[in-house]
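For reference, the structure is listed below as structure tokens.
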Amino acid sequence: MAARERDDTGGQDMLRRAGDASVLILTSLADGSKHGYALIQDIRGFAGLQLGPGTLYGALDRLERMGLIEALPAEDRRQPYQITAAGVAALRAHLDSIERVTRAGRLRLGLGAI
């Protein structure tokens, strides 16, 4: 198997090794910009997980260095972030990959398709 997995469109799943926090953050930002506390609240709402500040800000830094998110001008003391076009593409490739694995796993367990 190749070291770099590719999806059916030839795009690389950049998020495979970025970690769950990165996927959760990009998913949250997919519907609009948010600052740190709003990200924590949104992620808790849709995923039932509480990201700690160290996890959140470490992942934000990594995503920004990867070009998947960008910081917007600060509002008061809050630093909002938004997903970039590259972030949208990376999230889509990752979600497509997860969907393929989920489909195969459900079929192999005899659970049927979603």
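The values are calculated or read from the model by the stated rules, or taken from the named source; none is laboratory data. The shown structure was predicted, so the numbers you read here are calculated from the model rather than taken from an experiment. Don't worry about glycine lacking a Cβ; one is built from the backbone with ideal geometry, like all the others, and counts go over all protein chains shown.
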Would a scan of segment 56-69 turn up a residue that is of a type in the set (Asp, Glu) and either in a loop (DSSP other than H, G, I, E, B) or out of contact with any helix residue (DSSP H, G or I) (no Cβ under 8 Å at 6 or more places or on another chain) (or both)? yes
Boolean, LEU60 is hydrophobic (A, V, I, L, M, F, W, C), out of contact with any strand residue (DSSP E or B) (no Cβ under 7 Å at 6 or more places or on another chain) and modelled with pLDDT of 90 or more: no
Residue list for segment 43-64, filter: free of Cβ contacts under 8 Å to residues at least 12 places away in the same chain and under 20 Å from ARG77 (Cα atoms): GLY52, GLY54, ASP61
Checked pairs for segment 24-42, first assigned to a helix (DSSP H, G or I), second among the basic types (Lys, Arg), C-beta under 8 Å and 6 or more apart or across chains, list as SER28/LYS34; GLY36/ARG78; TYR37/ARG78; ASP42/LYS34
Number of positions in segment 70-108 that are within 18 Å of SER22 (Cβ to Cβ), among the small types (Gly, Ala, Ser) and assigned to a helix (DSSP H, G or I): 7
Regarding segment 50-69, can at least one residue be identified that is among the β-branched types (Val, Ile, Thr), surrounded by 14 or more Cβ atoms within 10 Å (Cβ to Cβ), under 12 Å from ILE25 (Cβ atoms) and out of contact with any Phe, Trp or Tyr (no Cβ under 7 Å at 6 or more places or on another chain)? yes
Quick check on segment 94-108. Is at least one of its residues under 27 Å from LEU60 (Cβ atoms), surrounded by 10 or more Cβ atoms within 10 Å (Cβ to Cβ), free of Cβ contacts under 8 Å to residues at least 60 places away in the same chain and in contact with a His (Cβ under 8 Å, 6 or more places away or on another chain)? no
Residues that are surrounded by fewer than 15 Cβ atoms within 10 Å (Cβ to Cβ) and in contact with a strand residue (DSSP E or B) (Cβ under 7 Å, 6 or more places away or on another chain), drawn from segment 80-93: GLN82
